[in-house]
Amino acid sequence: MTIEDDIAFLERVPILRRLGAGALRILAIGAESYTVEEGQVLFSVGDAADCAYIVQRGSFTLSSGRLNEPEITAGVATLLGEAALLAETVRPVTATAREPSLVLRISRAMFLKMLESFPDAAQRLRELIAIRADQWAREMENVRAALARGTGPQ
């Protein structure tokens, strides 16, 4: 793939699309590509997270390991571990390749350096995070109201 192909691919990832072409060029240049075999674990619950992965080819099963929590399938253009791009955190799930897969690894250090170099991209990301936080707060208020009525979440 060329850098232009990588940039076009990164534009398919919703949170990254907002960063702009210059910022995506830096990510495309700095990202590392890894092949993951079927059944191979990319990361496990509780692992320290210093990067995010973008599924380029294939798919992954995401499992928390908790009873009664369904597994989730993550396919192409899914960003795995986006919180790790901004802060020290641990993996909340285990990601296991469902088939031969290819991922792009974006390190937190590189992502933060990119944001320093592209303040407009950082501002757009901040705005997106603020919108998400507002949505989460409204959803939590809806759950709180439903619990107060004794009806549970809808």
Open item on the list: I'm told residue 87 meets every condition in (1) surrounded by fewer than 16 Cβ atoms within 10 Å (Cβ to Cβ); (2) farther than 24 Å from residue 123 by Cα; (3) small (Gly, Ala, Ser) except one. Can you identify the failing condition by its number?
Closed with: (2)
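Assess whether residue 105 counts as being touching a residue at least 60 places away in the same chain (Cβ under 8 Å), under 21 Å from residue 38 (Cβ atoms) and in contact with a Cys (Cβ under 9 Å, 6 or more places away or on another chain).
Details: touching a residue at least 60 places away in the same chain (Cβ under 8 Å): yes; under 21 Å from residue 38 (Cβ atoms): yes; in contact with a Cys (Cβ under 9 Å, 6 or more places away or on another chain): yes.
Answer is yes for this residue.
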Task: Residue that is surrounded by the fewest Cβ atoms within 10 Å (Cβ to Cβ), among those in segment 9-24 that are under 17 Å from the mean Cα position of the chain (by Cα) and among the aliphatic types (A, V, I, L, M) - done: 15
Task: Hey, residue 38 more than 16 Å from residue 106 (Cβ to Cβ), exposed (fewer than 12 other Cβ atoms within 10 Å of the Cβ) and not β-branched (Val, Ile, Thr) or not - done: yes
TODO: Scan segment 34-84 for residues that are hydroxyl-bearing (Ser, Thr, Tyr) and at pLDDT 95 or above and jot them down.
DONE: 34, 35, 44, 53, 59, 61, 63, 73, 78
Task: Selection from segment 67-85 of residues that are of a type in the set (Gly, Ala, Ser) and either touching a residue at least 60 places away in the same chain (Cβ under 8 Å) or touching a helix residue (DSSP H, G or I) at 6+ places or on another chain (Cβ under 8 Å) (or both) - done: 77, 84
TODO: Output the number of the condition that residue 52 fails; it satisfies all remaining conditions of (1) hydrophobic (A, V, I, L, M, F, W, C); (2) in a loop (DSSP other than H, G, I, E, B); (3) within 25 Å of residue 34 (Cβ to Cβ).
DONE: (2)
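Take the conditions β-branched (Val, Ile, Thr) and over 15 Å from residue 96 (Cβ atoms) and apply them to residue 72. Does it pass? Steps first, answer last, please.
Values: β-branched (Val, Ile, Thr): yes; over 15 Å from residue 96 (Cβ atoms): no.
Spelling it out, it is not the case that residue 72 is β-branched (Val, Ile, Thr) and over 15 Å from residue 96 (Cβ atoms).
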Task: When residues of segment 91-101 are limited to those that are over 16 Å from the mean Cα position of the chain (by Cα) and not in a strand (DSSP E or B), the one surrounded by the most Cβ atoms within 10 Å (Cβ to Cβ) - done: 98
Task: For residue 15: the one exception among (1) in a helix (DSSP H, G or I); (2) over 17 Å from residue 82 (Cα atoms); (3) touching a strand residue (DSSP E or B) at 6+ places or on another chain (Cβ under 9 Å) - done: (2)
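Residue-by-condition table, conditions (1) in a helix (DSSP H, G or I); (2) buried (at least 16 other Cβ atoms within 10 Å of the Cβ); (3) aromatic (Phe, Trp, Tyr):
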{"residue": "103", "(1), (2), (3)": "no, yes, no"}
{"residue": "109", "(1), (2), (3)": "yes, no, no"}
{"residue": "114", "(1), (2), (3)": "yes, yes, no"}
{"residue": "120", "(1), (2), (3)": "yes, no, no"}
{"residue": "123", "(1), (2), (3)": "yes, no, no"}
{"residue": "127", "(1), (2), (3)": "yes, no, no"}
{"residue": "131", "(1), (2), (3)": "yes, no, no"}
{"residue": "135", "(1), (2), (3)": "yes, no, no"}
{"residue": "142", "(1), (2), (3)": "yes, no, no"}
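The values are calculated or read from the model by the stated rules, or taken from the named source; none is laboratory data. Computed from a prediction, not measured in an experiment: that's the story for all the values here. Every residue, glycine as well, gets a Cβ built from its backbone with ideal geometry; the counts of neighbours run over all protein chains shown.
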